[in-house]
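A quick write-up on the structure given underneath.
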Amino acid sequence: MAKSKTVFVCQECGYDTPKWLGKCPGCGRWNTMVEEIIKPDKSQQRGLNLGLSTQSKPCPISEVVLEKRPRMNTGSAELDRVLGGGIIAGSMVLIVGDPGIGKSSLTLRVCANGARMGRRVLYVTGEESVQQVRMRADRIDAVADSLLVVSETNLEVIEKHIVDLKPEILVIDSIQTIFRPDVQSAPGSVSQVRECAVEILRVAKTNGIAAFVVGHVTKDGTLAGPRVLEHIVDTVLYFEGGNNAEYRLLRAIKNRFGSTNEIGVFEMRDTGLIDVLDASKLFLSDGQEDNGSVIVPVIEGTRPLLVEIQALVAKTPYVPPKRTSDSVDLKRLQLLLAVLEKRVHLNMGSCDVFVKAAGGIRVDEPAADLGICVAMASSFAGRLLRPAMVIFGEVGLSGEIRPVSQAENRVREARRLGFKSVIFPQKNYEQLLAEGKFEDMQLYGASTVTEALSMAMPR
(Lines give C-alpha, C1' and ligand atoms only; values in the text may rest on other atoms or scores of the structure.)
Protein backbone atom coordinates (compact mmCIF):
# COMPACT_ATOMS: atom_id res chain seq x y z
CA MET A 1 0.00 0.00 0.00
CA ALA A 2 1.43 3.37 -1.02
CA LYS A 3 2.12 5.82 1.76
CA SER A 4 0.79 9.35 1.87
CA LYS A 5 3.41 12.06 1.89
CA THR A 6 3.35 15.59 3.23
CA VAL A 7 4.55 18.84 1.73
CA PHE A 8 4.63 22.40 3.01
CA VAL A 9 2.57 24.74 0.82
CA CYS A 10 2.58 28.55 0.91
CA GLN A 11 -0.94 29.80 1.59
CA GLU A 12 -0.28 32.97 -0.41
CA CYS A 13 1.22 31.83 -3.71
CA GLY A 14 0.98 28.00 -3.67
CA TYR A 15 4.73 27.32 -3.63
CA ASP A 16 5.44 23.87 -2.16
CA THR A 17 8.56 22.36 -0.60
CA PRO A 18 9.25 19.05 1.20
CA LYS A 19 10.48 20.85 4.33
CA TRP A 20 9.26 23.79 6.36
CA LEU A 21 10.68 27.23 5.61
CA GLY A 22 10.14 30.43 7.52
CA LYS A 23 10.12 32.54 4.36
CA CYS A 24 8.44 31.44 1.14
CA PRO A 25 10.91 31.44 -1.80
CA GLY A 26 8.04 32.07 -4.21
CA CYS A 27 6.45 35.26 -2.85
CA GLY A 28 8.80 36.26 -0.04
CA ARG A 29 6.12 36.14 2.67
CA TRP A 30 6.96 34.98 6.19
CA ASN A 31 5.20 32.20 8.15
CA THR A 32 2.90 31.15 5.31
CA MET A 33 4.10 27.54 4.88
CA VAL A 34 1.49 25.01 6.06
CA GLU A 35 1.86 21.24 6.03
CA GLU A 36 -0.55 19.38 3.75
CA ILE A 37 -1.04 15.69 3.02
CA ILE A 38 -0.82 14.45 -0.55
CA LYS A 39 -2.35 11.08 -1.37
CA PRO A 40 -0.69 9.12 -4.18
CA ASP A 41 -2.69 9.16 -7.40
CA LYS A 42 -2.47 5.91 -9.33
CA SER A 43 -3.35 7.67 -12.56
CA GLN A 44 -0.33 9.93 -12.17
CA GLN A 45 1.95 6.93 -11.51
CA ARG A 46 0.94 5.24 -14.73
CA GLY A 47 1.49 8.42 -16.76
CA LEU A 48 0.83 8.11 -20.48
CA ASN A 49 0.14 4.37 -20.33
CA LEU A 50 -3.49 5.02 -19.36
CA GLY A 51 -4.68 4.78 -22.95
CA LEU A 52 -7.21 7.57 -22.45
CA SER A 53 -9.81 7.93 -25.18
CA THR A 54 -10.32 11.52 -26.26
CA GLN A 55 -12.64 13.26 -28.70
CA SER A 56 -10.52 16.38 -29.03
CA LYS A 57 -9.01 16.98 -32.44
CA PRO A 58 -6.81 19.86 -33.62
CA CYS A 59 -8.34 21.96 -36.38
CA PRO A 60 -7.43 25.17 -38.25
CA ILE A 61 -8.40 28.29 -36.34
CA SER A 62 -10.15 29.61 -39.46
CA GLU A 63 -12.63 26.70 -39.24
CA VAL A 64 -13.59 27.39 -35.63
CA VAL A 65 -17.29 28.32 -35.46
CA LEU A 66 -18.00 31.33 -33.25
CA GLU A 67 -21.06 31.11 -31.05
CA LYS A 68 -22.54 34.49 -30.15
CA ARG A 69 -24.04 34.01 -26.73
CA PRO A 70 -26.36 36.77 -25.53
CA ARG A 71 -25.47 38.34 -22.22
CA MET A 72 -27.82 38.04 -19.27
CA ASN A 73 -28.85 41.20 -17.47
CA THR A 74 -27.98 41.20 -13.76
CA GLY A 75 -30.52 43.85 -12.84
CA SER A 76 -27.68 46.20 -11.79
CA ALA A 77 -26.48 48.72 -14.36
CA GLU A 78 -23.18 49.22 -12.53
CA LEU A 79 -22.45 45.49 -12.31
CA ASP A 80 -23.37 45.03 -15.98
CA ARG A 81 -20.92 47.80 -16.84
CA VAL A 82 -18.08 46.15 -14.90
CA LEU A 83 -18.81 42.74 -16.44
CA GLY A 84 -18.75 44.22 -19.95
CA GLY A 85 -22.49 44.25 -20.61
CA GLY A 86 -23.89 41.41 -18.50
CA ILE A 87 -23.35 37.77 -17.57
CA ILE A 88 -22.17 35.23 -20.13
CA ALA A 89 -23.30 31.62 -19.85
CA GLY A 90 -20.40 29.32 -18.98
CA SER A 91 -18.31 32.08 -17.43
CA MET A 92 -16.88 32.12 -13.91
CA VAL A 93 -16.64 35.38 -11.96
CA LEU A 94 -14.60 35.78 -8.77
CA ILE A 95 -15.77 38.54 -6.38
CA VAL A 96 -13.24 39.51 -3.71
CA GLY A 97 -13.46 41.97 -0.82
CA ASP A 98 -13.16 42.57 2.90
CA PRO A 99 -15.69 40.93 5.25
CA GLY A 100 -18.91 42.92 5.42
CA ILE A 101 -18.21 45.06 2.36
CA GLY A 102 -21.24 43.74 0.43
CA LYS A 103 -20.17 40.64 -1.52
CA SER A 104 -23.04 38.43 -0.31
CA SER A 105 -25.59 41.23 -0.65
CA LEU A 106 -24.57 41.90 -4.24
CA THR A 107 -24.59 38.24 -5.31
CA LEU A 108 -27.93 37.61 -3.57
CA ARG A 109 -29.39 40.59 -5.39
CA VAL A 110 -28.12 39.20 -8.71
CA CYS A 111 -29.73 35.85 -7.89
CA ALA A 112 -33.07 37.44 -7.06
CA ASN A 113 -33.08 39.54 -10.24
CA GLY A 114 -32.25 36.47 -12.32
CA ALA A 115 -35.00 34.44 -10.65
CA ARG A 116 -37.56 37.18 -11.30
CA MET A 117 -36.60 37.06 -14.98
CA GLY A 118 -37.53 33.38 -15.07
CA ARG A 119 -34.06 31.87 -14.77
CA ARG A 120 -33.12 28.92 -12.58
CA VAL A 121 -30.80 30.13 -9.84
CA LEU A 122 -28.89 28.21 -7.15
CA TYR A 123 -27.29 29.99 -4.20
CA VAL A 124 -24.83 27.81 -2.25
CA THR A 125 -23.80 29.19 1.13
CA GLY A 126 -20.99 27.61 3.11
CA GLU A 127 -20.78 30.21 5.87
CA GLU A 128 -24.41 30.80 6.82
CA SER A 129 -27.58 28.82 7.32
CA VAL A 130 -30.51 29.12 4.92
CA GLN A 131 -32.39 31.03 7.64
CA GLN A 132 -29.65 33.68 7.73
CA VAL A 133 -29.76 33.98 3.94
CA ARG A 134 -33.55 34.42 4.10
CA MET A 135 -33.18 37.20 6.68
CA ARG A 136 -30.79 39.06 4.38
CA ALA A 137 -33.08 38.47 1.41
CA ASP A 138 -36.01 40.01 3.31
CA ARG A 139 -33.90 43.06 4.18
CA ILE A 140 -32.70 43.75 0.63
CA ASP A 141 -35.93 42.63 -1.12
CA ALA A 142 -34.35 39.58 -2.77
CA VAL A 143 -37.04 36.94 -2.19
CA ALA A 144 -38.11 34.98 -5.27
CA ASP A 145 -39.77 31.57 -5.60
CA SER A 146 -37.35 30.25 -8.23
CA LEU A 147 -34.30 31.25 -6.17
CA LEU A 148 -33.05 28.03 -4.59
CA VAL A 149 -30.81 28.14 -1.51
CA VAL A 150 -28.74 25.36 0.05
CA SER A 151 -26.22 25.37 2.90
CA GLU A 152 -23.48 22.92 1.92
CA THR A 153 -19.68 22.72 1.93
CA ASN A 154 -19.06 19.29 0.38
CA LEU A 155 -18.20 19.81 -3.28
CA GLU A 156 -19.48 16.37 -4.30
CA VAL A 157 -22.92 17.13 -2.85
CA ILE A 158 -22.91 20.59 -4.44
CA GLU A 159 -22.06 19.10 -7.82
CA LYS A 160 -24.95 16.65 -7.48
CA HIS A 161 -27.34 19.54 -6.79
CA ILE A 162 -26.02 21.35 -9.87
CA VAL A 163 -26.49 18.31 -12.11
CA ASP A 164 -30.02 17.70 -10.79
CA LEU A 165 -31.25 21.31 -10.88
CA LYS A 166 -29.31 22.53 -13.96
CA PRO A 167 -29.31 26.20 -12.89
CA GLU A 168 -28.50 29.05 -15.24
CA ILE A 169 -26.86 31.11 -12.48
CA LEU A 170 -24.76 29.62 -9.66
CA VAL A 171 -23.32 31.41 -6.62
CA ILE A 172 -20.71 29.83 -4.30
CA ASP A 173 -20.34 31.82 -1.06
CA SER A 174 -17.52 31.35 -0.33
CA ILE A 175 -14.83 29.28 -2.07
CA GLN A 176 -12.75 29.13 1.13
CA THR A 177 -15.43 27.06 2.88
CA ILE A 178 -15.86 24.41 0.15
CA PHE A 179 -13.88 21.16 0.34
CA ARG A 180 -13.29 18.02 -1.69
CA PRO A 181 -13.33 14.84 0.43
CA ASP A 182 -10.53 13.26 -1.61
CA VAL A 183 -8.13 16.17 -0.87
CA GLN A 184 -6.42 15.62 2.48
CA SER A 185 -6.22 19.21 3.70
CA ALA A 186 -8.40 21.66 5.58
CA PRO A 187 -11.00 23.85 3.80
CA GLY A 188 -9.47 27.15 2.75
CA SER A 189 -6.01 25.70 2.18
CA VAL A 190 -4.22 26.12 -1.12
CA SER A 191 -4.96 22.58 -2.28
CA GLN A 192 -8.65 22.76 -1.43
CA VAL A 193 -9.22 26.20 -2.94
CA ARG A 194 -7.40 25.31 -6.15
CA GLU A 195 -9.03 21.92 -6.67
CA CYS A 196 -12.53 23.16 -5.81
CA ALA A 197 -12.20 26.14 -8.15
CA VAL A 198 -11.05 23.94 -11.03
CA GLU A 199 -13.97 21.53 -10.49
CA ILE A 200 -16.53 24.35 -10.30
CA LEU A 201 -15.09 25.83 -13.50
CA ARG A 202 -15.38 22.48 -15.25
CA VAL A 203 -19.01 22.08 -14.22
CA ALA A 204 -19.85 25.65 -15.27
CA LYS A 205 -18.18 25.34 -18.69
CA THR A 206 -19.70 21.91 -19.36
CA ASN A 207 -23.27 22.89 -18.48
CA GLY A 208 -23.23 26.52 -19.65
CA ILE A 209 -23.74 27.93 -16.15
CA ALA A 210 -22.84 31.49 -15.19
CA ALA A 211 -20.98 30.98 -11.89
CA PHE A 212 -20.17 33.60 -9.26
CA VAL A 213 -17.57 32.65 -6.66
CA VAL A 214 -17.03 34.76 -3.55
CA GLY A 215 -13.51 34.93 -2.10
CA HIS A 216 -11.97 36.32 1.07
CA VAL A 217 -8.98 38.63 1.35
CA THR A 218 -6.01 38.63 3.70
CA LYS A 219 -5.04 41.37 6.17
CA ASP A 220 -3.17 43.32 3.50
CA GLY A 221 -6.14 43.22 1.12
CA THR A 222 -4.94 40.52 -1.29
CA LEU A 223 -6.85 37.43 -2.33
CA ALA A 224 -6.63 34.65 0.23
CA GLY A 225 -5.35 31.41 -1.26
CA PRO A 226 -3.12 30.78 -4.30
CA ARG A 227 -2.71 33.42 -6.99
CA VAL A 228 -3.47 30.70 -9.50
CA LEU A 229 -7.14 31.12 -8.54
CA GLU A 230 -7.18 34.44 -10.38
CA HIS A 231 -5.87 32.69 -13.51
CA ILE A 232 -8.53 29.98 -13.36
CA VAL A 233 -11.58 32.26 -13.46
CA ASP A 234 -12.72 34.43 -16.37
CA THR A 235 -13.33 37.63 -14.41
CA VAL A 236 -11.93 38.99 -11.15
CA LEU A 237 -13.85 41.77 -9.37
CA TYR A 238 -12.41 43.56 -6.33
CA PHE A 239 -14.48 45.55 -3.84
CA GLU A 240 -12.76 48.74 -2.70
CA GLY A 241 -13.69 51.09 0.13
CA GLY A 242 -13.79 50.56 3.88
CA ASN A 243 -16.63 48.79 5.61
CA ASN A 244 -17.63 52.07 7.27
CA ALA A 245 -17.62 53.99 3.99
CA GLU A 246 -20.93 54.98 2.47
CA TYR A 247 -19.82 54.20 -1.08
CA ARG A 248 -18.20 51.05 -2.43
CA LEU A 249 -16.24 50.63 -5.67
CA LEU A 250 -16.29 47.38 -7.64
CA ARG A 251 -13.26 47.18 -9.92
CA ALA A 252 -12.59 44.66 -12.70
CA ILE A 253 -8.98 43.49 -12.39
CA LYS A 254 -9.35 40.81 -15.05
CA ASN A 255 -12.10 40.29 -17.61
CA ARG A 256 -11.93 37.94 -20.59
CA PHE A 257 -15.26 39.26 -21.90
CA GLY A 258 -14.87 43.01 -21.40
CA SER A 259 -12.53 45.87 -20.60
CA THR A 260 -10.27 45.67 -17.57
CA ASN A 261 -9.98 48.26 -14.82
CA GLU A 262 -13.67 49.12 -15.23
CA ILE A 263 -15.37 50.25 -12.03
CA GLY A 264 -18.90 50.24 -10.68
CA VAL A 265 -20.01 52.57 -7.91
CA PHE A 266 -22.49 51.47 -5.25
CA GLU A 267 -24.02 53.11 -2.20
CA MET A 268 -24.51 51.00 0.93
CA ARG A 269 -27.96 51.42 2.44
CA ASP A 270 -30.18 49.42 4.79
CA THR A 271 -31.68 47.75 1.72
CA GLY A 272 -28.29 46.65 0.38
CA LEU A 273 -26.07 48.02 -2.38
CA ILE A 274 -27.71 50.61 -4.63
CA ASP A 275 -26.28 51.68 -8.00
CA VAL A 276 -24.77 55.17 -8.25
CA LEU A 277 -25.49 56.14 -11.84
CA ASP A 278 -23.73 59.54 -11.93
CA ALA A 279 -20.40 58.71 -10.31
CA SER A 280 -18.68 61.99 -11.22
CA LYS A 281 -20.90 63.96 -8.85
CA LEU A 282 -19.97 61.53 -6.09
CA PHE A 283 -16.28 62.45 -6.13
CA LEU A 284 -16.83 66.22 -6.21
CA SER A 285 -17.27 68.17 -2.99
CA ASP A 286 -20.03 70.72 -2.52
CA GLY A 287 -17.92 72.99 -0.30
CA GLN A 288 -16.21 76.24 -1.11
CA GLU A 289 -13.16 76.25 -3.33
CA ASP A 290 -9.82 76.37 -1.51
CA ASN A 291 -6.16 76.24 -2.42
CA GLY A 292 -4.70 72.79 -2.96
CA SER A 293 -7.89 71.42 -4.56
CA VAL A 294 -7.96 70.50 -8.26
CA ILE A 295 -10.58 68.70 -10.37
CA VAL A 296 -9.04 66.03 -12.61
CA PRO A 297 -10.90 63.97 -15.24
CA VAL A 298 -9.65 60.37 -15.11
CA ILE A 299 -10.65 57.43 -17.30
CA GLU A 300 -11.87 54.33 -15.47
CA GLY A 301 -12.38 51.57 -17.99
CA THR A 302 -14.66 53.07 -20.63
CA ARG A 303 -16.01 56.15 -18.86
CA PRO A 304 -14.54 59.43 -17.62
CA LEU A 305 -14.87 60.44 -13.97
CA LEU A 306 -14.20 63.83 -12.43
CA VAL A 307 -12.14 63.38 -9.26
CA GLU A 308 -11.15 66.04 -6.76
CA ILE A 309 -7.44 65.86 -5.92
CA GLN A 310 -6.60 67.52 -2.60
CA ALA A 311 -3.07 68.42 -1.49
CA LEU A 312 -1.77 69.80 1.78
CA VAL A 313 1.80 71.17 1.89
CA ALA A 314 2.92 72.46 5.29
CA LYS A 315 6.25 73.41 6.84
CA THR A 316 7.62 70.92 9.35
CA PRO A 317 10.53 71.00 11.80
CA TYR A 318 11.00 67.25 11.54
CA VAL A 319 13.55 65.54 9.32
CA PRO A 320 12.86 63.84 7.01
CA PRO A 321 9.48 65.38 6.10
CA LYS A 322 6.50 63.12 5.42
CA ARG A 323 5.15 62.25 1.99
CA THR A 324 1.82 60.47 2.42
CA SER A 325 -0.95 59.45 0.03
CA ASP A 326 -3.55 56.70 0.09
CA SER A 327 -4.89 57.59 -3.38
CA VAL A 328 -1.72 58.10 -5.45
CA ASP A 329 1.32 55.87 -5.77
CA LEU A 330 3.97 57.18 -3.36
CA LYS A 331 6.81 56.77 -5.87
CA ARG A 332 4.82 58.77 -8.42
CA LEU A 333 4.25 61.48 -5.83
CA GLN A 334 7.97 61.71 -5.06
CA LEU A 335 8.75 61.94 -8.78
CA LEU A 336 6.33 64.86 -9.23
CA LEU A 337 7.80 66.60 -6.19
CA ALA A 338 11.26 66.30 -7.73
CA VAL A 339 9.97 67.85 -10.96
CA LEU A 340 8.50 70.81 -9.06
CA GLU A 341 11.75 71.21 -7.13
CA LYS A 342 14.06 71.04 -10.17
CA ARG A 343 12.02 72.53 -13.03
CA VAL A 344 9.67 74.98 -11.28
CA HIS A 345 12.02 75.87 -8.38
CA LEU A 346 9.45 75.26 -5.64
CA ASN A 347 11.40 74.37 -2.51
CA MET A 348 9.23 71.78 -0.75
CA GLY A 349 12.13 69.86 0.76
CA SER A 350 11.26 71.05 4.29
CA CYS A 351 7.51 70.50 3.96
CA ASP A 352 5.17 67.64 4.77
CA VAL A 353 3.12 66.70 1.69
CA PHE A 354 -0.24 64.93 1.91
CA VAL A 355 -2.26 64.04 -1.21
CA LYS A 356 -5.62 62.29 -1.45
CA ALA A 357 -8.53 61.84 -3.84
CA ALA A 358 -11.94 62.68 -2.47
CA GLY A 359 -14.38 59.77 -2.29
CA GLY A 360 -11.75 57.10 -1.62
CA ILE A 361 -10.96 56.35 -5.29
CA ARG A 362 -7.40 55.45 -6.22
CA VAL A 363 -5.88 57.44 -9.09
CA ASP A 364 -3.24 55.55 -11.06
CA GLU A 365 -3.24 56.91 -14.60
CA PRO A 366 -0.52 59.37 -15.73
CA ALA A 367 -3.13 61.90 -16.92
CA ALA A 368 -3.57 62.99 -13.30
CA ASP A 369 0.09 64.11 -13.00
CA LEU A 370 -0.53 67.74 -13.93
CA GLY A 371 -3.50 68.04 -11.60
CA ILE A 372 -1.46 66.67 -8.69
CA CYS A 373 1.38 69.11 -9.43
CA VAL A 374 -0.99 72.07 -9.56
CA ALA A 375 -2.70 70.99 -6.31
CA MET A 376 0.64 70.78 -4.47
CA ALA A 377 1.87 74.08 -5.90
CA SER A 378 -1.41 75.79 -4.99
CA SER A 379 -1.24 74.57 -1.40
CA PHE A 380 2.44 75.49 -1.09
CA ALA A 381 1.87 79.03 -2.42
CA GLY A 382 -1.48 79.47 -0.67
CA ARG A 383 -3.11 80.71 -3.88
CA LEU A 384 -6.54 79.92 -5.27
CA LEU A 385 -7.06 78.46 -8.73
CA ARG A 386 -9.36 79.64 -11.49
CA PRO A 387 -13.00 78.84 -10.63
CA ALA A 388 -14.84 76.03 -12.46
CA MET A 389 -11.65 74.61 -13.98
CA VAL A 390 -10.36 71.08 -14.62
CA ILE A 391 -6.73 70.10 -15.27
CA PHE A 392 -5.15 66.99 -16.76
CA GLY A 393 -1.96 65.90 -18.49
CA GLU A 394 1.06 63.62 -18.10
CA VAL A 395 4.20 65.23 -16.69
CA GLY A 396 7.67 64.19 -17.90
CA LEU A 397 10.93 64.37 -15.99
CA SER A 398 12.02 67.50 -17.84
CA GLY A 399 8.83 69.27 -16.82
CA GLU A 400 7.11 68.91 -20.20
CA ILE A 401 3.42 68.01 -20.47
CA ARG A 402 2.74 65.02 -22.67
CA PRO A 403 -0.56 64.36 -24.49
CA VAL A 404 -3.01 61.80 -23.09
CA SER A 405 -5.66 59.58 -24.59
CA GLN A 406 -9.40 60.34 -24.73
CA ALA A 407 -8.93 64.07 -24.19
CA GLU A 408 -12.23 64.80 -25.92
CA ASN A 409 -14.17 62.52 -23.57
CA ARG A 410 -12.55 64.17 -20.54
CA VAL A 411 -13.45 67.66 -21.71
CA ARG A 412 -16.98 66.58 -22.60
CA GLU A 413 -17.53 65.18 -19.09
CA ALA A 414 -16.25 68.43 -17.58
CA ARG A 415 -18.67 70.45 -19.70
CA ARG A 416 -21.58 68.18 -18.73
CA LEU A 417 -21.00 68.97 -15.07
CA GLY A 418 -20.80 72.71 -15.61
CA PHE A 419 -17.05 73.40 -15.75
CA LYS A 420 -16.07 76.31 -17.98
CA SER A 421 -12.30 76.08 -18.43
CA VAL A 422 -9.75 73.30 -19.03
CA ILE A 423 -5.94 73.24 -18.87
CA PHE A 424 -4.49 70.26 -20.71
CA PRO A 425 -1.57 69.26 -23.00
CA GLN A 426 -0.79 71.53 -25.93
CA LYS A 427 -1.01 68.74 -28.53
CA ASN A 428 -4.46 67.70 -27.34
CA TYR A 429 -5.48 71.37 -27.35
CA GLU A 430 -4.36 71.82 -30.97
CA GLN A 431 -6.28 68.71 -32.01
CA LEU A 432 -9.56 69.86 -30.44
CA LEU A 433 -9.03 73.38 -31.77
CA ALA A 434 -8.58 72.08 -35.31
CA GLU A 435 -11.79 70.04 -35.01
CA GLY A 436 -13.72 73.11 -33.86
CA LYS A 437 -15.13 71.46 -30.74
CA PHE A 438 -15.99 72.95 -27.35
CA GLU A 439 -16.14 76.52 -28.59
CA ASP A 440 -18.36 77.37 -25.61
CA MET A 441 -15.51 76.59 -23.17
CA GLN A 442 -12.21 78.26 -22.33
CA LEU A 443 -9.48 75.82 -23.38
CA TYR A 444 -5.85 76.38 -22.42
CA GLY A 445 -3.01 74.36 -23.91
CA ALA A 446 0.19 74.04 -21.87
CA SER A 447 3.58 72.63 -22.90
CA THR A 448 5.34 72.78 -19.52
CA VAL A 449 4.39 72.60 -15.86
CA THR A 450 5.55 76.19 -15.34
CA GLU A 451 3.24 77.38 -18.11
CA ALA A 452 0.32 75.40 -16.65
CA LEU A 453 0.87 76.88 -13.19
CA SER A 454 0.81 80.42 -14.57
CA MET A 455 -2.52 79.64 -16.30
CA ALA A 456 -4.06 77.95 -13.27
CA MET A 457 -2.98 80.61 -10.71
CA PRO A 458 -3.12 84.00 -12.47
CA ARG A 459 -1.65 86.91 -10.59
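The values are calculated or read from the model by the stated rules, or taken from the named source; none is laboratory data. Everything numeric here is computed off the predicted structure, so don't read it as measured data. Here Cβ is always computed from backbone atoms with ideal geometry, including for glycine, and neighbour counts include all displayed protein chains. Side chains included, ligands, DNA and RNA excluded: accessible areas come from the protein's heavy atoms. Shrake-Rupley method; radii C 1.70, N 1.55, O 1.52, S 1.80 Å.
A compact table of results
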{"quantity": "Any hit, the stretch 376-389, residues being of a type in the set (S, T, N, Q) and open to solvent by 50 Å² or more (accessible area, probe 1.4 Å)", "calculated": "no"}
{"quantity": "Cross-chain or 6+ apart pairs with Cβ under 7 Å, the stretch 227-246 first and farther than 19 Å from ILE88 by Cβ, then at pLDDT 90 or above and of a type in the set (Lys, Arg)", "calculated": "PHE239/LYS103"}
{"quantity": "Residue that is farthest from PRO387 (Cα to Cα) [pool: residues in the stretch 430-453 that are surrounded by 13 or more Cβ atoms within 10 Å (Cβ to Cβ) and out of contact with any helix residue (DSSP H, G or I) (no Cβ under 9 Å at 6 or more places or on another chain)]", "calculated": "LEU433"}
{"quantity": "Boolean, SER327 is of a type in the set (S, T, N, Q) and either more than 21 Å from PRO458 (Cβ to Cβ) or open to solvent by 60 Å² or more (accessible area, probe 1.4 Å) (or both)", "calculated": "yes"}
{"quantity": "Matching residues, the stretch 195-208, being buried (at least 23 other Cβ atoms within 10 Å of the Cβ) and in contact with a helix residue (DSSP H, G or I) (Cβ under 7 Å, 6 or more places away or on another chain)", "calculated": "CYS196, ALA197"}
{"quantity": "Selected residue (criterion: modelled with the lowest pLDDT) from residues of the stretch 35-45 that are surrounded by 11 or more Cβ atoms within 10 Å (Cβ to Cβ) and out of contact with any strand residue (DSSP E or B) (no Cβ under 6 Å at 6 or more places or on another chain)", "calculated": "PRO40"}
{"quantity": "Members of the stretch 331-349 that are touching a Ser or Thr at 6+ places or on another chain (Cβ under 8 Å) and open to solvent by 70 Å² or more (accessible area, probe 1.4 Å)", "calculated": "ARG343"}
{"quantity": "Test: residue in the stretch 116-134 that is in a helix (DSSP H, G or I) and either in contact with a helix residue (DSSP H, G or I) (Cβ under 6 Å, 6 or more places away or on another chain) or small (Gly, Ala, Ser) (or both)", "calculated": "no"}
{"quantity": "Among residues of the stretch 434-450, those that are without any contact (Cβ under 8 Å) to a residue 24 or more places away in the chain and within 28 Å of VAL344 (Cα to Cα), counted", "calculated": "3"}
{"quantity": "Selection status of SER105, touching a Leu at 6+ places or on another chain (Cβ under 7 Å) and either open to solvent by 40 Å² or more (accessible area, probe 1.4 Å) or in contact (Cβ under 8 Å) with a residue 40 or more places away in the chain (or both)", "calculated": "yes"}
{"quantity": "THR153 vs. criteria open to solvent by less than 10 Å² (accessible area, probe 1.4 Å) and on the phi < 0 side of the Ramachandran plot", "calculated": "no"}
{"quantity": "Matching strands (runs of 3 or more DSSP E) fully within the stretch 341-459 where at least 3 residues are modelled with pLDDT of 95 or more and either among the basic types (Lys, Arg) or closer than 23 Å to ARG323 by Cα (or both)", "calculated": "351-357"}
{"quantity": "Residue satisfying condition, being assigned to a loop (DSSP other than H, G, I, E, B), within 17 Å of GLU199 (Cα to Cα) and open to solvent by 10 Å² or more (accessible area, probe 1.4 Å), within set PRO181, PRO99", "calculated": "PRO181"}
{"quantity": "Residues satisfying the stated conditions in the stretch 135-156, i.e. among the small types (Gly, Ala, Ser) and not in a loop (DSSP other than H, G, I, E, B)", "calculated": "ALA137, SER151"}
{"quantity": "Any chance VAL296 is over 19 Å from the mean Cα position of the chain (by Cα) and more than 28 Å from PHE239 (Cβ to Cβ)", "calculated": "no"}
{"quantity": "Residue within the stretch 166-188 that is among the basic types (Lys, Arg) and within 17 Å of THR235 (Cα to Cα) present", "calculated": "no"}
{"quantity": "Matching residues, the stretch 61-91, being assigned to a loop (DSSP other than H, G, I, E, B) and of a type in the set (A, V, I, L, M, F, W, C)", "calculated": "VAL64, VAL65, LEU66, ILE88, ALA89"}
{"quantity": "Out of ILE101, ILE87, sole residue that is aliphatic (A, V, I, L, M), within 30 Å of ILE274 (Cα to Cα) and modelled with pLDDT under 90", "calculated": "ILE101"}
{"quantity": "Failed item in (1) β-branched (Val, Ile, Thr); (2) farther than 20 Å from GLU195 by Cβ; (3) open to solvent by 40 Å² or more (accessible area, probe 1.4 Å), with VAL163 passing the rest", "calculated": "(2)"}
